[in-house]
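Below: the structure, in structure tokens.
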Amino acid sequence: MASKHALSRHISLALAGLLTTAVLLPTAGFAQNSTATIRGHVGAPSGQTASEVVATNLKNGFTIRAQVGANGNYTLPSLPPGNYRIEAKGTGLSRDVTVQVGQALTLNLEPTAAPSAAEANAANLQGVTVSAALIETRTSEVGTNISQTQINTLPQNERNFLDFAKLVPGVTVSRDPNSKTFSAGGQSAENVNVFIDGASLKNNVLKGGVAGQDSTRGNPFSQEAVQEFRVLTQNYKAEYEQAGTAIITAVTKSGTNEFHGSVYDYFQNKSMISQDSFDKKNNVEKPDYRREQRGFSLGGPVLKDALTFFVNYDERKDVGNNTVQTGDPRFAQYNGTFPAPFHEKTFFGKLSWQVNQDNNVDMSLTTRRDNEVLGFGGATTYSARTDRKNRVDDLLVKWQSRGDGWTNDLMLDAGQAKWNPSAAEPDVPQQTYENNIAVIGGAVNMQNKGQNQRTLRDDLTFTDLNWHGQHTVKMGIKYAAYGITVEQNNNAVPSFYYQEGANYPGGFDSPYRAVYSPLGANANLHTNQFGAYVQDDWDVTQRLQLNLGLRWDYETNALNKDYVTPAAQIPTLEYLGLQNNISNGNNRSGYKGAIQPRLGFSLDVSGDGDQSTTIFGGAGRYYDRTPFDWIAQEAIHAAVPNYTFYFSPPDANGNPTKAGTIAWNPAYLSKAGLDGLIAQGVAGFGTEIDAVNNKTRPPHTDQFSLGVRQVWGDWTGSLTLARVLGYDQFTWAWNRVVAPGFVLNNLPGSPYGVVLHNVYKKTQSSSVLIGIDKPYTKASGWGVGLAYTYQDARQQGNDNYSLDYVSPAGYPGGHVGEKHHLVANGIVTGPWDTRLTGIFTYGSGLPFDVFKSSANCDYNCSFYHWDKYGKKYVNLDLSIAKEFRWGENQALELRLDVMNVFNRDVPNDNGYDLNYYSPTFGKLTSADPNLSRRFQIGARYSF
């Protein structure tokens, strides 16, 4: 009875504490699990009593304490990843261990007991057990940790830490170096989330899932500043939010009680890059190229055992070129090779302060700037290039306080992300000579999109709760205030179109059509996001643990609730039966149904209870959100007037030679000329309705997993069966009827030729995930890991526009990802203190689109999206390094990386002959020149 009263009292205190925090701190910051937990039992020698267990960080001297209960059990929650001495005070028992981010570990401090399988790599030295790392076995989460050794040593081309997510079963990382994203479970990249020290990098506006990762070769965060990270693919706990599939939670480096630093530079140029077979066959000249990735880091003490600092500056500079080769000698003056530079700078700074034994404070600042020139090459001339600017900033403050049996983590975060592509020559009209002849003049688009956020998150953990077993209860709240900006005009620069043929009397001398939008539009909003959760990790017995969680999320303005449908659009929408897509500014309330139960278990079935064999599983619901850029198209298309002009050459009297057109005058080849025509009322007013359903729900997935983990000494292995079902995925569809051909359903006489409305699409994935790992240690001199995935995944529709069929459900094909995917990585110490590492990747082939006839479809009867699987992907990356050491801790490392050692062609997206009836159907027609064999040299000085 006493234990029940104690449990009730603790829960009451928790709710009161969370409510007080919410009232006193109504703005800023949130976080996810960037720490670890150690639980275990202290078996004190006869005549001794352990009152507390103390974890001392061996690098900075910071300590965390936990009480030992009457039953000898203890829990150390919220441990930052690192090397610790775990000591049971008053018993002489201690162990040195390494813990990694997000792990839930077991460590029993017993005077004479043999180590369990989870501690099997430990050696006993005069009562002190030294362990390279504890092994996580008792968890229902499906996750894998990527160590600092792997990050520092495995071969890599772009120094983007996200790329190492490919070492995890079930995760797909894009191969396109100009758009590095990751995904899992048959979902798109928009359904992932990344947390750095608990701060979310979620992109609430654009595609790509991570802030700043929409169509950029840049890195979301400096790899040099990342200590390690964890990838969760299934059954993650209730504290995790805004992700329908994989989550990455990373922790940054901190200063220590000694000064340490590094200076590094990695170099690549034209001579170090091979050509693919297509460029060789076509005698394509190599473009000039030079890339440097360089930076420095420094960390150390301000006050020993109390205050440390760490700073990192990282820079990437690409000096590259694109070649313009127009398809007609009349445009030869535009041909040539032109610069296409990319430049990124990132900075990270961090202070870590142990105020006293019960309080720690961390503060960090992250900045990222990258600029790129893109959008030209081939038939598109240099003047039509786009300048893209990217900016991401984040300020994070974390305060951890501890008491007897409880730990509170308060996190405050403020950040912004801006994405701004614009025409490099905005005053020059664009001229397009169709059939891929040439595009000259300026670029036509202008976009400025981004988010500002202030977020608060508070997590409260209780560890001394006992009721039919031991409970670790964690609960938390989150409040985030977002300001979102979407400014866009895709026709801000006039574009003129030319065509040769009998129906185009002007030929290439005068345009037959022009499109122009003199005004831009924006969709700006403020939205509040609330979240609350409770998670109980319940040790029912020493063999059985239950993970019981419940989460609820709510957003006030995910659908632009203040938008009012223009009166002129209402008759058309009503005719089409889209009454629920008519907004009056008061009928779009936030979705309140995002209730997410998450259940898991782990059961030790080993013969002697040493955790060598564990069965685990779980089921849960996970809500995400739709990028606001997709929602914002409703307001933007309602506000932007798009004008279309049709021209023909004048006759001798100055009249148009073609009925229904305007007689061409060279004065019209400018913004001012078209503005004059608009003022005369002779331009066609092209309009489009994009209408969002007022009851649109956020996307979510239901996830199920069942697996087994096995420990064999230093080796660990796992086998997981996984099922992911995705619902309410957002996509746009036409106002069409189900009939052969393209038949629009529209109000007779309506001025709106196109009406798009959002509908839902579904996804499904069934997977078998196998992971085997033997971590690298200096003692053994080698390490190896293997990740195998079998996946059968499908999706309805296309991306956020499903315009090929009436309904997303009508799409044939729809395969997602490769059926078989294998990644093996290895690290080995060679002769003369050299180090050889490698990553081998096999993929059975990504699906590609197919064009073939079908009698049973409603429209675009020849299009089968992702219908057939393409060429197998086989790749080997290698790295060899030699370190020269002198003094106490100074070293110089020289390194050579080789990517795609065998120079195998890697297909572009749909880089195949897609015509089903062609004799070369399914054969490669091109390869990605960015993925051919390339060498990279590097040097690093560290102290």
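The values are calculated or read from the model by the stated rules, or taken from the named source; none is laboratory data. Keep in mind that what you see is a predicted model, and the values were worked out from it rather than measured. Methodologically, a virtual Cβ is constructed for each residue, glycine included, from the backbone with ideal geometry; neighbour enumeration extends over all protein chains shown.
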**Message:** Looking at the range 157-171, can you tell me whether even one residue there is of a type in the set (S, T, N, Q), modelled with pLDDT under 95 and surrounded by fewer than 19 Cβ atoms within 10 Å (Cβ to Cβ)?
**Reply:** no
**Request:** Please find, within the range 645-660, the residue that is surrounded by the fewest Cβ atoms within 10 Å (Cβ to Cβ) out of those that are touching a residue at least 24 places away in the same chain (Cβ under 8 Å) and not small (Gly, Ala, Ser).
**Result:** Thr657
**Request:** Answer yes or no: is there a residue in the range 210-218 that is farther than 24 Å from Ser297 by Cα, part of a loop (DSSP other than H, G, I, E, B) and acidic (Asp, Glu).
**Result:** yes
**Message:** So if I check each of Thr172, Thr149, which one is more than 19 Å from Asp393 (Cα to Cα), hydroxyl-bearing (Ser, Thr, Tyr) and in a helix (DSSP H, G or I)?
**Reply:** Thr149
**Message:** Given the criteria farther than 30 Å from Tyr554 by Cα and out of contact with any Lys or Arg (no Cβ under 6 Å at 6 or more places or on another chain), does Asp276 qualify?
**Reply:** yes
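Table: residues versus (1) within 30 Å of Val54 (Cβ to Cβ); (2) in contact (Cβ under 8 Å) with a residue 40 or more places away in the chain; (3) β-branched (Val, Ile, Thr); (4) surrounded by fewer than 16 Cβ atoms within 10 Å (Cβ to Cβ).
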site: Phe296; (1), (2), (3), (4): no, no, no, no
site: Phe310; (1), (2), (3), (4): yes, yes, no, no
site: Asn322; (1), (2), (3), (4): no, yes, no, no
site: Asn356; (1), (2), (3), (4): yes, no, no, yes
site: Gly378; (1), (2), (3), (4): no, yes, no, yes
site: Arg385; (1), (2), (3), (4): no, yes, no, no
**Selected residue [modelled with pLDDT of 90 or more and within 26 Å of Asp799 (Cβ to Cβ)] from Val210, Val226, Val231** = Val231
**Complete:** Within the range 40-60, residues being assigned to a loop (DSSP other than H, G, I, E, B), at pLDDT 90 or above and of a type in the set (S, T, N, Q) number 1
**Message:** Name the single residue that is farthest from Val692 (Cα to Cα) among those in the range 711-736 being out of contact with any Ser or Thr (no Cβ under 6 Å at 6 or more places or on another chain) and aliphatic (A, V, I, L, M).
**Reply:** Leu719
**Request:** Name the single residue, out of those in the range 541-578 being among the charged types (D, E, K, R) and touching a residue at least 60 places away in the same chain (Cβ under 8 Å), that is surrounded by the fewest Cβ atoms within 10 Å (Cβ to Cβ).
**Result:** Arg543
**Request:** Take Thr925 and decide whether it is exposed (fewer than 15 other Cβ atoms within 10 Å of the Cβ) and either free of Cβ contacts under 8 Å to residues at least 12 places away in the same chain or at positive phi (or both).
**Result:** no
**Asked** Going by the structure shown, is Gly415 touching an Asp or Glu at 6+ places or on another chain (Cβ under 7 Å), under 19 Å from Leu395 (Cβ atoms) and not β-branched (Val, Ile, Thr)?
**Response** yes
**Request:** Can you tell me which residue within the range 796-820, out of those that are assigned to a strand (DSSP E or B) and at pLDDT below 95, is surrounded by the most Cβ atoms within 10 Å (Cβ to Cβ)?
**Result:** His815
**Asked** Failed condition for Phe645, given (1) in a strand (DSSP E or B); (2) more than 30 Å from Ala521 (Cα to Cα), with all others met?
**Response** (2)
**Complete:** Given (1) in a strand (DSSP E or B); (2) hydrophobic (A, V, I, L, M, F, W, C); (3) in contact with a Pro (Cβ under 9 Å, 6 or more places away or on another chain), Ala568 misses just (1)
**Item:** Qualifying position, being touching a Phe, Trp or Tyr at 6+ places or on another chain (Cβ under 6 Å) and among the small types (Gly, Ala, Ser), among Ala55, Ala44
**Value:** Ala55
**Asked** Are any residues in the range 250-269 surrounded by fewer than 17 Cβ atoms within 10 Å (Cβ to Cβ), under 30 Å from the mean Cα position of the chain (by Cα) and not small (Gly, Ala, Ser), and if so, which ones?
**Response** Val263, Asp265, Phe267, Asn269
**Prompt:** Across the range 71-95, what is the total count of residues that are within 24 Å of Asn408 (Cβ to Cβ) and part of a loop (DSSP other than H, G, I, E, B)?
**Reply:** 3
**Complete:** Exception for Gly507 within (1) surrounded by fewer than 22 Cβ atoms within 10 Å (Cβ to Cβ); (2) on the phi < 0 side of the Ramachandran plot falls at (2)
**Request:** Kindly indicate whether any position in the range 234-245 is assigned to a strand (DSSP E or B) and not aliphatic (A, V, I, L, M).
**Result:** yes
**Message:** Suppose the filter is at pLDDT 90 or above and part of a loop (DSSP other than H, G, I, E, B); does Gly785 pass it?
**Reply:** no
**Item:** Selection count, the range 419-437, where residues are at pLDDT below 95 and either under 30 Å from Lys398 (Cα atoms) or not in a loop (DSSP other than H, G, I, E, B) (or both)
**Value:** 5
**Test: residue in the range 211-218 that is farther than 26 Å from Ala632 by Cα and out of contact with any helix residue (DSSP H, G or I) (no Cβ under 7 Å at 6 or more places or on another chain)** = no
**Prompt:** Pairs, please: C-beta under 7 Å, at least 6 apart or cross-chain, first residue closer than 20 Å to Ala50 by Cβ and in the range 89-106, second acidic (Asp, Glu) and surrounded by fewer than 20 Cβ atoms within 10 Å (Cβ to Cβ)?
**Reply:** Lys89/Glu52
**Request:** Look through Asp867, Asp849, Asp858 and report the one residue that is of a type in the set (D, E, K, R) and either modelled with pLDDT of 90 or more or out of contact with any Asp or Glu (no Cβ under 9 Å at 6 or more places or on another chain) (or both).
**Result:** Asp858
**Prompt:** Taking into account only those residues within the range 704-755 that are without any contact (Cβ under 8 Å) to a residue 60 or more places away in the chain and on the phi > 0 side of the Ramachandran plot, which is surrounded by the fewest Cβ atoms within 10 Å (Cβ to Cβ)?
**Reply:** Gly749
**Asked** Can you name the condition, by its number, that Val823 falls short on among (1) of a type in the set (A, V, I, L, M, F, W, C); (2) surrounded by 20 or more Cβ atoms within 10 Å (Cβ to Cβ); (3) out of contact with any helix residue (DSSP H, G or I) (no Cβ under 6 Å at 6 or more places or on another chain)?
**Response** (3)
**Prompt:** Considering only strands (runs of 3 or more DSSP E) fully contained in the range 655-760, which possess at least 3 residues that are at pLDDT 95 or above and within 25 Å of the chain's Cα centre (by Cα)?
**Reply:** 700-712, 715-733
**Item:** Residue list for the range 594-637, restricted to those being of a type outside the set (Asp, Glu), under 25 Å from Thr139 (Cβ atoms) and crowded, with 23+ Cβ neighbours inside 10 Å
**Value:** Arg598, Gly600, Ser602, Gln611, Thr614, Phe616, Gly618, Gly620, Tyr622, Tyr623
**Message:** Suppose we filter Asp867, Asp849 for residues that are within 30 Å of Ser926 (Cα to Cα) and either surrounded by fewer than 18 Cβ atoms within 10 Å (Cβ to Cβ) or small (Gly, Ala, Ser) (or both); which single one remains?
**Reply:** Asp849
